[in-house]
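So the structure is just underneath, and the comments pick up after that.
Read-outs: derived from the displayed coordinates by stated rules, not from any lab. A quick note: this is a predicted structure, and the numbers were derived from the prediction, not measured. Because the Cβ atoms are built from the backbone with ideal geometry, glycine has one as well, and the counts that use them run over all protein chains shown.
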Amino acid sequence: EMEVLMSAVRWLMYDWDKRKDHLLDVLKCVRFGLIAPWQLVDVKRNPENPEFMELMSYPEVQKMVDDGLA
């Protein structure tokens, strides 16, 4: 499922200005609960990855990741 997330991130970031409106619809397809907790924590706290930083600036995305950790 991490590959699904990474593919979604790559697709969104390829043309962020046009695709950011689809952010939540795309990420709703990711089953965050099937991603290893350590990977989700890495997504939340990885300051070296600007793409994840951009995504985590959205409260809705933060909630999806947090729900996956629950």
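Key figures
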| quantity | calculated |
| --- | --- |
| Helix-only mean residue ellipticity at 222 nm for the chain, each DSSP H run of n ≥ 4 adding -39500 (n - 2.57), per residue, nearest 500 | -19000 deg cm²/dmol |
| Distance (nanometres) between label positions extended 7 Å along Cα→Cβ at MET6 and ALA70 | 2.8 nm |
| Note, ³J(HN,Hα) from phi for the stretch 53-70, Karplus 6.51, -1.76, 1.60, rounded to Hz, x at Gly and Pro | 4, 4, 5, 6, 6, 9, x, 5, 6, 4, 5, 4, 5, 4, 5, x, 7, 6 |
| The chain: radius of gyration and largest Cα-Cα distance (Dmax), Å | 11.0, 32 |
